[in-house]
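Engineer: One structure is given below, represented as structure tokens, and several questions about it will come after.
The values are calculated or read from the model by the stated rules, or taken from the named source; none is laboratory data. The structure displayed is predicted, hence computed values, not measured ones. We place every Cβ from the backbone using ideal geometry, glycine too, and count neighbours over all the protein chains shown. Note: areas computed on protein heavy atoms with side chains; ligands, DNA, RNA excluded. Shrake-Rupley method; radii C 1.70, N 1.55, O 1.52, S 1.80 Å.
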Amino acid sequence: MQRTKIKEILQSDKCDYQVNVKGWVRSFRNNQFIALNDGSCMGNLQVVIGLDADEQLIKGINNGVSISVDGMVIASQGKGQKVEIKADAVTILGECDPEKFPLQLKNRPSLEYLREIAHLRFRTNTFGAVFRVRHTLAYAIHKFFNDRGFVYLHTPIVTASDAEGAGEMFRVSTLPFDNPPRNEDGTINFKEDFFGRATNLTVSGQLEAELGAMAFSEVYTFGPTFRAENSNTARHLAEFWMIEPEVAFNDIYDNMDLAEDLLKFVISYALEHNREDLDFLATRLADEEKQKPMNERSEMGLIEKLEFVLNNKFERITYTEAIDILLDSTAYKKKKFQYDVKWGIDMQSEHERYLVEKHFKKPVIVTGYPKEIKAFYMRQNDDGKTVAAMDILAPGIGEIVGGSQREERLDKLTQRMEEMHIPTEEMYWYLDTRRFGGVPHAGFGLGFERMVLFVTGMTNIRDVIPFPRTPKNAEF
Ligand code: ATP
Ligand code: MN
């Protein structure tokens, strides 16, 4: 008999039909009631075994065991579920020794413990919910862009351009570490390397996406990104996924609208399609909040927060206004900030979070950053001091999107590259877009895991990517 997914059975009230289900046992009570989960949804299916069942079989059914069940879907006698399965035949597919099963050994395993057994943590309610939501968000992102006629462009993962990362890149090489070929001056001779030059893992697909935008008008990338930055925070990974739309003819205001629309669309898509998972995560978060002192608790629950974001326009302010707000704050006056505030600083996470969580209490788009703290390709404003950059700051996260209108004027661009010691010859292909039919254009990068953090209410980025890569950690 063909397998039916548990989600399908639980979603309908239909009774009195034969099915086959397969999955993993979540619990087994009174030698009679199995809670079975196949990952298709949060809920478990109750499987009822006859009292006359084989003793060997009963012994073998433990938390973690995988089984196949043939039986009849019937209206449930018990509370908590509409339907259940009266089993005719149960077969154990894979045993699971309860004495050794790491998920069995701890009653309420902590997120930290589960990180150490990330190969098994998918089988918990929390991570089941997180990764189903992650899937939905990825799908919603593709849907958003597809519906608007964007072309999904696959930009390279191995790149030779080191324009952005400056020391934050992972080298890709097949040269022998112990005895690399050297030039006469003792430096390593990358001409002998696999690609005939020094190469790295990409830190962003933007520069290549810009090339695509100059032909398709609207493109986006959605791929893995690598940063060898040694920031051991709850918001940084060494390997993360980024969404980077790039749009010809857009200015900074169109860019803000696009980013706001994208965030709102994917949030509403998840609320619509993963409500059960999000309700579970909301309860989990509420429990976690109860552990905190009163004044640190957030005012809104997860669902309320998501709905609030959907129903309110993001605040839009300039960097200069942001600095003024910070300087005017009691937090600043009472010296509560660890880092100094003055015009020209690269705002720290504490400043960003003050703006979104304390001052505006909603997502904020900050534009017009000092050019000194931003990348060479951002369009220079007429004041000579700032660039048409935009960061979106989200409650609980800080920066979730970083983008800009790009500098389309060749002379301004090359001048800025020279000032910042970026090799213009090597980057001829990038500059060619400005030489051959260049147009004003804009784009941004949305950190996918930061988006997943925001929607799931999880607090550590290591818990929203299946197998996190962070400094000193690449297990599994
Ligand atoms: P931050 O200041 O938080 O380090 P950034 O300014 O380095 O971010 P960008 O280079 O603008 O970030 O990258 C675009 C987006 O990618 C960011 O807005 C963020 O959502 C995400 N991002 C950047 N670095 C990381 C990282 N190490 N891990 C996960 N997401 C990241
Ligand atoms: Mn960074």
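Engineer: How big is the dipole moment of segment 371-476 about its Cα centre under a simple scheme where the beta carbon of each Lys and Arg is +1, that of each Asp and Glu is -1, and everything else is neutral? Debye, nearest 20, please.
Structural biologist: 160 debye
Engineer: Which of the lysines could a cross-linker bridge to Lys82, judged by Cα under 22 Å and excluding same-chain residues fewer than eight apart?
Structural biologist: Cα-Cα hits under 22 Å: Lys5, Lys7, Lys14, Lys22.
Engineer: May I ask for the distance between the Cα centers of segment 277-327 and segment 208-253, given as a whole number of Å?
Structural biologist: Answer, in whole Å: 25.
Engineer: Each residue of segment 453-459 in order: what ³J(HN,Hα) in whole Hz does its phi give by Karplus 6.51 cos²θ - 1.76 cosθ + 1.60, θ = phi - 60°, with x for Gly and Pro?
Structural biologist: Calculated HN-Hα couplings, in order: 4, 4, 6, 8, x, 6, 10 Hz.
Engineer: Treat each spin label as a single point 7 Å out from the Cα along the C-beta direction, and report the Arg171 to Leu327 distance in nm.
Structural biologist: Rounded to a tenth, the inter-label distance reads 4.5 nm.
Engineer: Just to confirm the filter: which GluC sites (Glu not before Pro) across segment 61-114 are DSSP coil and have at most 10 other Cβ within 10 angstrom of their Cβ?
Structural biologist: Those satisfying the criteria are Glu99.
Engineer: List the lysines whose Cα sits under 23 Å from the Cα of Lys336, skipping any in the same chain fewer than 8 residues away.
Structural biologist: Lys292, Lys358, Lys361, Lys362
Engineer: Going by Cα centres, segment 39-108 and segment 171-199 are how many Å apart?
Structural biologist: Taking the Cα centre of each part, segment 39-108 and segment 171-199 sit 57 Å apart.
Engineer: Let me ask something else. Be a star and scan segment 213-250 for residues whose amide nitrogen sits under 14 Å from the point 7 Å along the Cα-to-Cβ vector of His154.
Structural biologist: Inside the label zone: 221-224.
Engineer: Per residue, how many Å² of accessible area does the chain show with a 1.4 Å probe?
Structural biologist: It amounts to 50 Å² per residue over the chain.
Engineer: Estimate the FRET efficiency between Arg115 and Arg29 by the formula 1/(1 + (r/R0)^6), using the beta-carbon distance for r and 35 Å for R0, to the nearest 0.05.
Structural biologist: 0.75
Engineer: Rounded, prolate or oblate: which fits segment 233-349 when a ≥ b ≥ c are the square roots of the eigenvalues of the alpha-carbon gyration tensor, with rounded for a/c under 1.5 and prolate only if a/b beats b/c?
Structural biologist: Judged from the Cα gyration tensor, segment 233-349 comes out oblate (a/c at least 1.5, b/c at or above a/b).
Engineer: When the C-alpha atoms of the chain are aligned to their principal axes, what extent does each axis show, in angstrom, from largest down?
Structural biologist: 84, 59, 44
Engineer: Not counting ligands, DNA or RNA, and with a 1.4 Å probe, what is Asp324's accessible surface area in Å² rounded to the nearest 10?
Structural biologist: 90 Å²
Engineer: Before rounding to the nearest 500, sum -39500 (n - 2.57) across all DSSP H runs of length at least 4 in the chain and divide by the residue total; then give [θ] at 222 nm in deg cm²/dmol.
Structural biologist: Values: 15 runs with 150 residues, N = 476.
One gets -9000 deg cm²/dmol as the mean residue ellipticity at 222 nm.
Engineer: Note down the nm distance, to one decimal, between modelled labels 7 Å out along Cα→Cβ at Asp52 and at Phe249.
Structural biologist: About 7.5 nm, to one decimal.
Engineer: What is the magnitude of the charge dipole of segment 366-419 about its Cα centre, with +1 placed on the Cβ of each Lys and Arg, -1 on the Cβ of each Asp and Glu, and no other charges, expressed in debye to the nearest 20?
Structural biologist: It comes to approximately 60 debye.
Engineer: When only DSSP loop residues count, what chymotrypsin sites (Phe, Trp or Tyr not before Pro) in segment 340-380 have their Cβ near at most 15 other Cβ atoms within 10 Å? Kindly include the intermediate steps, with their values, before the conclusion.
Structural biologist: Numbers: sites: Trp343, Tyr354, Phe360, Phe376, Tyr377; in loops: Trp343, Phe376, Tyr377.
Passing both the DSSP loop test and the Cβ count: Trp343.
Engineer: Still on this model: Can you send over the carbon and sulfur percentage of the accessible area for the chain, probe radius 1.4 Å, protein chains only?
Structural biologist: Numbers: 11740 of 23920 Å².
Reported share for carbon and sulfur atoms: 49 percent.
Engineer: Considering only C-alpha atoms, what is the centroid distance from segment 1-24 to segment 380-436, in Å?
Structural biologist: 55 Å
Engineer: Which whole-number percent gives the relative contact order of the chain, counting Cα pairs below 8 Å spaced six or more residues apart?
Structural biologist: Normalised by residue count, the contact order of the chain is 13 percent.
Engineer: Also, quick follow-up: Convert each backbone phi in segment 174-183 into a coupling constant with the Karplus relation 6.51 cos²θ - 1.76 cosθ + 1.60 (shift: θ = phi - 60°), then list the ³J(HN,Hα) values in order as whole Hz, x for Gly and Pro.
Structural biologist: For segment 174-183, the Karplus curve yields 10, 5, x, 4, 6, 8, x, x, 10, 7 Hz.
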